[in-house]
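The values are calculated or read from the model by the stated rules, or taken from the named source; none is laboratory data. Remember, it's a predicted structure, so these values are computed and weren't measured experimentally. Here the Cβ positions follow ideal geometry from the backbone for every residue, glycine too, while neighbour counts run over all protein chains shown. Side chains included, ligands, DNA and RNA excluded: accessible areas come from the protein's heavy atoms. Shrake-Rupley method; radii C 1.70, N 1.55, O 1.52, S 1.80 Å.
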Amino acid sequence: MKKKVLITGISGQDGSYLSEYLLKNNYEVYGIIRRNSIVEHQRNRIEKLDKQINLEYGDLLDTSSLDRIFKSVKPDEIYNLAAQSHVRISFEIPHFTLQTNGLGVLNMLEAFRAHSPNSKFYQASSSEMFGRSVDNDNCQRETTPFEPTSPYGCAKVLAFNLVKHYRFAYSLFCSNGILFNHESPRRGSNFVTNKVVKTAVQIKLGLKDKLILGNMDSYRDWGHSKDYVVAMNKILNHNQPDDFVISTGITRSVRDLCNYVFTKLDLEMKKYIFQDKKYMRPEELKYLKGDSSKARKLLNWKPQISFEELIDEMIDHWMDIFSSN
Ligand code: G4F
């Protein structure tokens, strides 16, 4: 019999890659989507999977919908990827972010405990939880203390602790993947990688004349979402519930990212890039570099796609779109 999987946030970047990966590995895929007035916008990443996946309307904050879905699907594996995922926007909508990313996870755990306690539960935890905290060797790992610097990070710490608490209090199989930044052509264009690549391609093609950014001196450890969904599945198929850092171990600044993209497109960066306070954060997470040795050793996972291959794929994606218009 096929294993059944329930994915929240199925229409997002990670949800879409994870669905493709699990379908290839013979899972039956169920996903929760929220009602949206523009259906096309919500489903474009999973459009081509339409006939192979089962979608249910629900919301992390609507416990009746979670009860109904858990009872009817009876999943073997649950991936909780749904979230208000934009860090800067979390400063503007802190209540909503706390509710969805904190309370929403509690609602999921309660539905899991009540209706499906023998399944396995994955929580999309984040490197944003580390905030100001870095170990002496300039890395963050599973043992690094959390010192979040945003409402988003605070909510993710709450969710992380709830998952651990449910594991110990009720002996449930629930695990945290502490994922560092992961990108792809499917990334929303208000995250920095896709914003830089998309706008630079538009500049190259004469469709735009500037790129306006916030802080260019923060460092991030960027991997490919396709590699990171494999880690999610490995985390749930490990012999015991646990918490794992998933990262490349290489860090670059936003300025380095811009430099790579503009050089690749043969554009002089300083002519086109401007900064605006509007994209700065009240407190910035300045530096991320993940040590994923635990996952590499225990899960036999490592990233396959380099930073250069990732960004080149994103450049080709936007070139195809804008050159054919
Ligand atoms: O691409 P970002 O918005 O990603 P951020 O804030 O690191 O969050 C992402 O990664 C987290 C994992 O650590 C996830 F949990 C989270 O859900 C999300 O996926 O910003 C990256 C960096 C920041 O330092 C930001 O200040 O880029 C800087 N930046 C500079 N100019 C900008 C911009 N970020 C955005 N989004 N837009 C700008 O114009």
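Matching residues to (1) in a strand (DSSP E or B); (2) in contact with a helix residue (DSSP H, G or I) (Cβ under 8 Å, 6 or more places away or on another chain); (3) over 27 Å from residue 110 (Cβ atoms):
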| site | (1), (2), (3) |
| --- | --- |
| 7 | yes, yes, no |
| 17 | no, yes, yes |
| 22 | no, yes, no |
| 31 | yes, yes, no |
| 36 | no, yes, no |
| 45 | no, yes, yes |
| 67 | no, yes, no |
| 70 | no, yes, no |
Inside the range 159-203, the number of residues satisfying the requirement of being open to solvent by 10 Å² or more (accessible area, probe 1.4 Å), hydroxyl-bearing (Ser, Thr, Tyr) and under 13 Å from the mean Cα position of the chain (by Cα) is 0
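To keep it simple, each residue is scored yes or no on (1) within 14 Å of the ligand (Cβ to nearest atom); (2) part of a loop (DSSP other than H, G, I, E, B).
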{"site": "103", "(1), (2)": "no, no"}
{"site": "109", "(1), (2)": "no, no"}
{"site": "118", "(1), (2)": "no, yes"}
{"site": "134", "(1), (2)": "yes, yes"}
{"site": "142", "(1), (2)": "no, yes"}
{"site": "149", "(1), (2)": "yes, yes"}
{"site": "161", "(1), (2)": "no, no"}
Query raised in the report: Would a scan of the range 67-74 turn up a residue that is over 28 Å from residue 237 (Cβ atoms) and either surrounded by fewer than 20 Cβ atoms within 10 Å (Cβ to Cβ) or touching a residue at least 12 places away in the same chain (Cβ under 8 Å) (or both)?
Result: no
In the set 272, 279, 260, the lone residue that is near the ligand (Cβ under 9 Å from one of its atoms), hydroxyl-bearing (Ser, Thr, Tyr) and touching a helix residue (DSSP H, G or I) at 6+ places or on another chain (Cβ under 8 Å) is 279
(message) Among the residues of the range 268-277, are any among the aromatic types (Phe, Trp, Tyr), modelled with pLDDT of 95 or more and open to solvent by less than 30 Å² (accessible area, probe 1.4 Å)?
(response) no
Exception for residue 218 within (1) within 15 Å of the ligand (Cβ to nearest atom); (2) surrounded by fewer than 14 Cβ atoms within 10 Å (Cβ to Cβ) falls at (2)
